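The values are calculated or read from the model by the stated rules, or taken from the named source; none is laboratory data. Computed from a predicted structure; not experimentally measured. Cβ placement follows ideal geometry from the backbone for every residue including glycine, while neighbour counts extend to all protein chains displayed. The area values use the complete protein model at the heavy-atom level, side chains included, leaving out ligands, DNA and RNA. Shrake-Rupley method; radii C 1.70, N 1.55, O 1.52, S 1.80 Å.
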Amino acid sequence: MSQADLVQPEPSPPAGPGWTLINHDVLCPLCDYNLRGLSNPRCPECGYRFEWSEMLDPNRQPHPFLFEHHPERNWWSYWRTVAGACRPRAFWRSLHPVQTSRPRRLLLFWLIGGCLHVMVGAVFVLSEATVDFRLQSVTRAKQIADTNSCTSGSSESCRPQACRRAEVPQPLGAR
């Protein structure tokens, strides 16, 4: 046996996917580098190694409207996610465990939702307090008007209504 027979040929680099058949961008899940056109299954930006079959899986692609997947359209994706959460069965069926998670965006989603709930609650409480204050003001104004309208003496019709209600009725023979 010669040495040429002992030396194994170096494996050829794996062939990349057929890029002519793929219409969408393929982004690195760690750094969002566009992997389109590469043949080696390694991100040149961050060094992440992957399998092409996993990267090209449609379930791994960003969700169509999920807030954490669309930082370029914050308000649109926020309200779409809120609306999607109102239909939980359809919403959870559209998510896949292999889709990337972005904890900072999830925290931001939670903070925005919490702030909106606090603001709506504050508006409700303040509007109720305003209505109560106006009602009390009107009642107090009527009481003052009743008291001030009786300047002619101590007749029964001029006494404030609150005082008339407070009187205890006497038995018929006691008068």
(request) Look through Ser101, Ser157, Ser149 and report the one residue that is within 26 Å of Leu30 (Cα to Cα) and at pLDDT below 80. (result) Ser101
(request) Any chance you could count how many residues in the stretch 83-102 are free of Cβ contacts under 8 Å to residues at least 24 places away in the same chain and open to solvent by 40 Å² or more (accessible area, probe 1.4 Å)? (result) 10
(message) Can you find, within the stretch 62-82, the residue that is surrounded by the fewest Cβ atoms within 10 Å (Cβ to Cβ) among those that are more than 15 Å from the chain's Cα centre (by Cα) and closer than 17 Å to Cys31 by Cβ?
(response) Glu72
(request) Please give the number of the condition Arg49 fails out of (1) open to solvent by less than 60 Å² (accessible area, probe 1.4 Å); (2) free of Cβ contacts under 8 Å to residues at least 12 places away in the same chain. (result) (1)
(request) Quick one: which helices (runs of 4 or more DSSP H) lie wholly within the stretch 26-111 and hold at least 2 residues that are of a type in the set (Phe, Trp, Tyr) and out of contact with any strand residue (DSSP E or B) (no Cβ under 7 Å at 6 or more places or on another chain)? (result) 74-85, 88-94
